[in-house]
Amino acid sequence: NVLILDFGSQYTQLIARRVRELNIFCEIKPYNNLPEDLEKYKAVILSGSPFSVRAEDAPHPNLSQIKGKKPLLAVCYGAQYLAHFGGGAVAPSNTREYGRANLSYIKDGETFFESISEGSQVWMSHSDTIKDLPKGATVLASTHDVENAAYKLENEDTYAIQFHPEVYHSTDGKQLLENFLVKIAGLEQTWTPDAFVDITVAELKKKIGQEKVILGLSGGVDSTVAAVLLHKAIGKNLHCIFVNNGLLRKNEFEEVLEQYQGMGLNVKGVDASARFLDALKGESDPEKKRKTIGRVFIEVFDDEAHLVEDAKWLAQGTIYPDVIESVSATGGPSATIKSHHNVGGLPDFMKLKVVEPLKMLFKDEVRRVGKSMAIGDERLGRHPFPGPGLAIRILGDITAEKVSILQEVDHIFIKGLRDWGLYDKVWQAGAMLLPVNSVGVMGDERTYEKCVALRAVESTDGMTADWVNLPYEFLQKTSNDIINKVPGVNRVVYDISSKPPATIEWE
Ligand code: XMP
């Protein structure tokens, strides 16, 4: 296990991902809250930071339990921190030290740089530079502008690098991490999805015993993988609840429910469409729609949870990025703030003990774990779909008729993407029903009907996105199908906005 001490860099999560890609487990902890069980960590990595070490309010943790006692790799700010407090000097740099650079010197015979040659591209992002090395340090590598690009401290396994090995632009970054973690720190590369499943199932069995667990399935990847893991551990004592809020894709509720049952899950489908639509009646403000859906979901879920006698646990599909976000919102170093709704009077299911089997995994790891448990691609490869569903794709107020129109349009679009082999090239796709009527002509008749916008984006995390250059022939066919087959729609447009400045959803 590797400990990554977070000084608030935007790249800290990337360090964790690269380490995990090497099949080595690691955890991120805020620098100001050192774990008490330090002995379980075989190596420590210090992250970058938006701070200057020279600033008074910069992170200056006491590393005496770590430095010289365990293999330590200090990245960027971390490297400057070690220099600053080890008798070296850190000063503002006078040349540009952002972006690509190449290692022009690498010290011979160093395990740290094994299989990496001079000329290797590295990624810099810092405004301070290490002018003088700390006491007992040797330069291991330099670039044209940065003499002290890498150094090590004599007589200890302490290494420091000014560049970021975790970003893909540092072409040998993964090799460098492997050299440090495997060759120097002696860690084994045994953290695979299969190993994760075995360990987690054993832990869940021990933790939960014969008690009953309730879990809300959404049809998405995270809740599905969490359910299958728990099912392996406790079988029928896992009670899954899958709620139809009436805002899902066409046939989604029935099809997904059937798939879940096919996996052997103990799942109850609850059709609450009418309850949701009723609560949403006349509401056209996007945020109020979201809140209403959230509230009704909690009511429905609470009612259902009561029907499971003697339940002790609530399982959730929380994943690692959510955990890191909430840590940083409660005193960690990075600036992310997550808003929490204050629900007046906690519903009963919130009084249950919480179990979150995926809370140490990134999204791609959740998929790999799902694959190793033989969950099919129709679940794991599914595009993200927002919790409030079609409600935030129907601009303005929601009626059963509008939902049904949009379900038909969306179905033609998504099925078309699959039929044309485009589905997996797109990160997310859907249709928006606009609150606009426009004039058309069908046969000899004038029409005055609805307009829909199709949206398909490429993205890695939904934070930024670009529209997909779908083939004109595909758009042409899809538009024809929609207008000919969906009564009430006479115009189709394609959204060519990127995020930012637009968002993926229209509401
Ligand atoms: P935006 O529209 O903000 O969407 O660019 C980014 C990603 O988040 C999804 N999204 C939501 N998911 N509840 C959700 O569960 C919501 O209220 C919500 N709003 C947006 C969106 O589908 C996209 O994947």
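The values are calculated or read from the model by the stated rules, or taken from the named source; none is laboratory data. Keep in mind the model is a prediction, meaning the values are calculated, not measured. Positions of Cβ are backbone-derived with ideal geometry, glycine not excepted, and every protein chain shown enters the neighbour counts.
Looking only at the stretch 386-398, which residues are within 14 Å of the ligand (Cβ to nearest atom) and touching a Leu at 6+ places or on another chain (Cβ under 8 Å)?
PRO388, GLY389, LEU390, ALA391, ARG393, ILE394, LEU395 - these are the residues of the stretch 386-398 that are within 14 Å of the ligand (Cβ to nearest atom) and touching a Leu at 6+ places or on another chain (Cβ under 8 Å).
Hey, among LYS107, LYS69, LYS131, LYS135, which residue is in contact with a helix residue (DSSP H, G or I) (Cβ under 8 Å, 6 or more places away or on another chain) and either more than 21 Å from ASN33 (Cβ to Cβ) or in the same structural domain as PRO35 (by TED's automatic domain parsing) (or both)?
When all the criteria are applied, what remains is LYS107.
Search the stretch 196-210 for residues that are touching a residue at least 12 places away in the same chain (Cβ under 8 Å) and in the same structural domain as VAL354 (by TED's automatic domain parsing) and pair each with any residue that is surrounded by 14 or more Cβ atoms within 10 Å (Cβ to Cβ) and polar (S, T, N, Q) when their beta-carbon atoms are under 7 Å apart and the residues are at least 6 apart or on different chains.
That search, which allows pairs on different chains as well, returns VAL197/SER372; GLN210/ASN237.
Are any of the residues in the stretch 343-353 modelled with pLDDT of 90 or more, among the charged types (D, E, K, R) and within 16 Å of the ligand (Cβ to nearest atom)?
no
Considering every residue within the stretch 21-37, establish whether at least one is modelled with pLDDT under 95, within 20 Å of the chain's Cα centre (by Cα) and part of a helix (DSSP H, G or I).
Yes, the stretch 21-37 contains a residue that is modelled with pLDDT under 95, within 20 Å of the chain's Cα centre (by Cα) and part of a helix (DSSP H, G or I).
Considering the stretch 259-278 alone, what residues qualify as being surrounded by 16 or more Cβ atoms within 10 Å (Cβ to Cβ), assigned to a helix (DSSP H, G or I) and either within 16 Å of the ligand (Cβ to nearest atom) or not polar (S, T, N, Q) (or both)?
Correct list: TYR260, ARG275, PHE276, LEU277.
Looking at the stretch 30-43, which of its residues are under 8 Å from LEU3 (Cα atoms) and touching a helix residue (DSSP H, G or I) at 6+ places or on another chain (Cβ under 8 Å)?
Scanning the stretch 30-43 gives a single hit, ALA43.
Output the residues belonging to the stretch 83-110 that are over 18 Å from GLY48 (Cβ atoms), of a type in the set (Ser, Thr, Tyr) and exposed (fewer than 12 other Cβ atoms within 10 Å of the Cβ).
THR95
Return only the number of the condition from (1) touching a strand residue (DSSP E or B) at 6+ places or on another chain (Cβ under 9 Å); (2) surrounded by 15 or more Cβ atoms within 10 Å (Cβ to Cβ); (3) more than 19 Å from GLU188 (Cβ to Cβ) that LEU38 does not satisfy.
(2)
Pick from GLU365, GLU378, GLU401: which is at pLDDT 95 or above and more than 16 Å from the ligand (Cβ to nearest atom)?
Residue meeting the stated conditions: GLU401.
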